[in-house]
Amino acid sequence: PLVWSTNPRAVLFAMASCSRGSCGTMSSSALTFSSKQADLLDQIALREVECLNEAPAHPWANALKKGYRDDAQLVCESDADEQLLLNIPFSQVVKLHSIAVAGSPDDSGAFAPKTIHLYVNRPSMGFSDCESTKPTQTIELASADETTVDLAYVKFQNVHTLSVFIADNQGDEEVTKLSKLSIFGTLVQTTNMSELKKVG
């Protein structure tokens with residue numbers, strides 16, 4: 001997958017390179033496609049989000065909710081061991097394009113997520129399910145810095161639930177600290193999933 005840095009200097013360098021005609025393999029259509037993606041925070045059914053093995057004092061909201069996720073000192077922290085599992089339902093069916101992840105900068109990023117497995121449309125996944133189910137996509141991060149990773153777009157169509165399994169961290173520490181998780185994509189339709197549940 002393509003990995004995009006949020007470092008302003010890197011972005012400016014990329015823009016300058018494109019202006020000189022050296023954009024590499026990125027086409028104009030790819031640039032147009034990416035520009036249509038939106039932050040899907042408003043489409044997340046926040047009341048139904050579930051995070052397994054989170055420390056009570058450091059819940060998932062610190063990494064996912066607007067305002068909280070922009071404060072590097074607020075983290076979602078694991079409890080019994082280094083693993084975290086977030087089940088994130090959407091209120092409407094969506095197509096996912098990319099996710100942005102940042103870890104805690106504490107101890108040079110040693111507690112930041114490293115290996116992340118993503119699963120589509122498997123509500124209420126548990127840790128045992130992660131062991132027995134092939135992930136839709138696996139991401140390997142190199143640092144605590146905020147990094148945006150493009151997803152295998154064809155595998156993330158018609159998504160109503162995204163499960164995010166953080167398997168380990170950068171420093172093999174006993175706890176993992178997730179500072180930010182943002183999800184980008186587009187709506188598939190205007191059907192409200194919560195309304196469907198009420199009717200059923």
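Values as computed for the structure displayed
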| quantity | calculated |
| --- | --- |
| Accessible area of segment 78-168 belonging to carbon and sulfur atoms, whole % at 1.4 Å probe | 44 percent |
| Per residue accessible area in Å² of segment 45-136, where ligands, DNA and RNA are left out and the probe is 1.4 Å | 45 Å² |
| Most to least packed among 76-84, 118-126 [average Cβ atoms within 10 Å] | 76-84, 118-126 |
| Chain lengthening between GLU174 and VAL188 when straightened (0.36 nm per residue, less Cα-Cα) | 1.1 nm |
| Exceeding the 21 Å Cα-Cα cut-off - candidates LYS134/LYS180; LYS134/LYS155; LYS134/LYS177 | LYS134/LYS180; LYS134/LYS177 |
| Where a label projected 7 Å from the Cα of ASP129 along Cα→Cβ would reach, residues of segment 44-65 with amide N under 15 Å | 48-53 |
| Cubic angstrom per residue, convex hull over Cα atoms of segment 71-190 | 101 Å³ |
| Calculated diffusion of segment 105-173, Stokes-Einstein form, Kirkwood radius summed over Cα pairs, 4 °C and 1.567 mPa s, µm²/s | 99 µm²/s |
| Residues listed by number, segment 145-184, amide nitrogen under 19 Å from ALA57 label point at 7 Å toward C-beta | 174-179 |
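The values are calculated or read from the model by the stated rules, or taken from the named source; none is laboratory data. The model shown is predicted, which means the values in this text are computed figures rather than measured ones. Don't worry about glycine lacking a Cβ; one is built from the backbone with ideal geometry, like all the others, and counts go over all protein chains shown. For the accessible areas, the whole protein counts, side chains as well, though only heavy atoms, and no ligand, DNA or RNA atoms are used. Shrake-Rupley method; radii C 1.70, N 1.55, O 1.52, S 1.80 Å.
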